[in-house]
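Input: a single structure, listed below in structure tokens.
The values are calculated or read from the model by the stated rules, or taken from the named source; none is laboratory data. No experiment lies behind these values; they were computed from the predicted model shown. All Cβ positions, glycine included, derive from the backbone under ideal geometry; neighbour counts span all protein chains shown.
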Amino acid sequence: MSEAAETTATAENEDAQTNVKANDNDTRTGPVFSVRNLWKVFGPKADRVPGDPEHAALSQTELREKTGCTAAVRDVSFDVHKGEVFVVMGLSGSGKSTLVRCLTRLIEPTAGTLEFNGEDVISMGKDALRELRRHRASMVFQNFGLLPHRSVLDNVAYGLEIQGMAKAVRRERAAEMVAKVGLEGLGERRPGQLSGGQQQRVGLARALAVDPQVLLFDEPFSALDPLIRRDMQEEVIRLHREEGRTMIFITHDLSEALRLGDRIALMRDGEIVQLGTPEEIVANPADDYVRDFVRDVPREQVISVRRAMRPADAAEAATGTEITPETLVSDAIATVARTGEHCRVVEDGHVRGVVDHASLLTVVAGLDKDSAGEDGMEREVAAV
Ligand SMILES: Nc1ncnc2c1ncn2[C@@H]1O[C@H](COP(=O)(O)OP(=O)(O)OP(=O)(O)O)[C@@H](O)[C@H]1O
Ligand SMILES: [Mg+2]
């Protein structure tokens, strides 16, 4: 095996061990949630809006003036893959909470199809829905929803109690979850005796206790101060790495979205205006709304060298430090600064291109925005 191929193979092994993202594209298992042409319209005769092309073409304000209806979710389609953190982002009122509540029919969709592990959610009866919400898709709310007169342990065990689990077993499981979210020793306290961040951990432990396939978070950390918030984000990332649990996470905080999301759906007026990886969204905003959102993002910390590289000539292809196409521009800058020479971008044993001071600074300065992007740049130049 060539040196470069070995580097790639090692990186892949590490990926598989430390990062569940490796399982994301496992198409054999199919998506967890599959959503097609979903609508939620509030107001009189709401069900007439989705089927009517004239109404469907109106802006939010026009629709309200004409019909008195609000289309909180408008013709939205997406899949959530197993093991991914799927972030829903957008300004206040863009339809995030409505969309996520529709997924388990806490809000009844007006039109569209909705599947969970290939099962039709729209046709589920009461019992099947209850089972879905209690066992398979747990929601963590912003206001925690803790029961004030119960201890931490009993709050965490609550979901198991309504499942009918015996007391000793559920307390044991609750104690495990309390430890998992870093609250060991606080199990007998009441929620009022905890800080905001600790209360949010109890909410998280309660959702985890029922061992759901999917965790749904509706802006769970927006009430927390920035340091505790950061702490909780780390906690979510850790849990995700350790357990590979699928998560759907609403936020209107871009840095939170970029930190947590494998993919981000950006909503405006009930529609998804862009759906992509953080890098895709930052590198290629779909319109001015998205561009406005990502304006202040440090591009070098999100964009990889795959978008920064240029073709290598034969001499360059034979020299320079080897890096993978996924290397962040910020890390490549550090390497180029340290070594004083270009880096070779190597994938599957082949040099795909090189990055140097100029090509990396182009990304930092935002001058790469009009480039052909990944496809235009990706030219295999020389075999190693
Ligand atoms: N029960 C309701 N009846 C009528 N309109 C509603 C109802 N619930 C939500 N809406 C409207 O639907 C739109 C989307 O609301 P939603 O709560 O989903 O937004 P959001 O993106 O979660 O906002 P925020 O960031 O403020 O939580 C808003 O215009 C809201 O006023
Ligand atoms: Mg909301």
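Numbers at a glance
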{"read-out": "Selected residue (only one of G187, G159 is of a type outside the set (D, E, K, R) and not in a helix (DSSP H, G or I))", "value": "G187"}
{"read-out": "Candidates R307, R291, filtered to the one that is crowded, with 18+ Cβ neighbours inside 10 Å and basic (K, R)", "value": "R307"}
{"read-out": "Pick from segment 34-43, criterion within 11 Å of ligand 1 (Cβ to nearest atom) and either among the β-branched types (V, I, T) or farther than 30 Å from L215 by Cβ (or both), ranking: surrounded by the most Cβ atoms within 10 Å (Cβ to Cβ)", "value": "V41"}
{"read-out": "Selection from segment 212-235 of residues that are closer than 30 Å to G164 by Cβ and at pLDDT below 85", "value": "P220, E235"}
{"read-out": "Scope segment 83-110; condition outside any helix (DSSP H, G or I), near ligand 1 (Cβ under 7 Å from one of its atoms) and touching a strand residue (DSSP E or B) at 6+ places or on another chain (Cβ under 6 Å); matching residues", "value": "G90, S94, G95"}
{"read-out": "Selection from segment 38-91 of residues that are of a type in the set (S, T, Y) and either more than 16 Å from ligand 2 (Cβ to nearest atom) or closer than 20 Å to P278 by Cα (or both)", "value": "S59, T61, T67, S77"}
{"read-out": "Test: residue in segment 125-141 that is in contact (Cβ under 8 Å) with a residue 40 or more places away in the chain, within 16 Å of ligand 2 (Cβ to nearest atom) and at positive phi", "value": "no"}
{"read-out": "Yes/no for D79 being part of a strand (DSSP E or B), within 16 Å of ligand 1 (Cβ to nearest atom) and charged (D, E, K, R)", "value": "no"}
{"read-out": "Residues within segment 154-165 that are of a type outside the set (F, W, Y) and touching a Leu at 6+ places or on another chain (Cβ under 9 Å), tallied", "value": "3"}
{"read-out": "Matching residues in segment 50-68 - criterion: being within 13 Å of ligand 1 (Cβ to nearest atom), surrounded by 14 or more Cβ atoms within 10 Å (Cβ to Cβ) and within 30 Å of the chain's Cα centre (by Cα)", "value": "Q60"}
{"read-out": "Close pairs from segment 201-227: first closer than 26 Å to G185 by Cβ and away from ligand 2 (no atom under 13 Å from the Cβ), partner among the small types (G, A, S) and assigned to a helix (DSSP H, G or I), Cβ under 7 Å, at least 6 apart", "value": "R206/G159; A209/G159; A209/A174; V210/G159; L215/A207; L224/G196; L224/G197"}
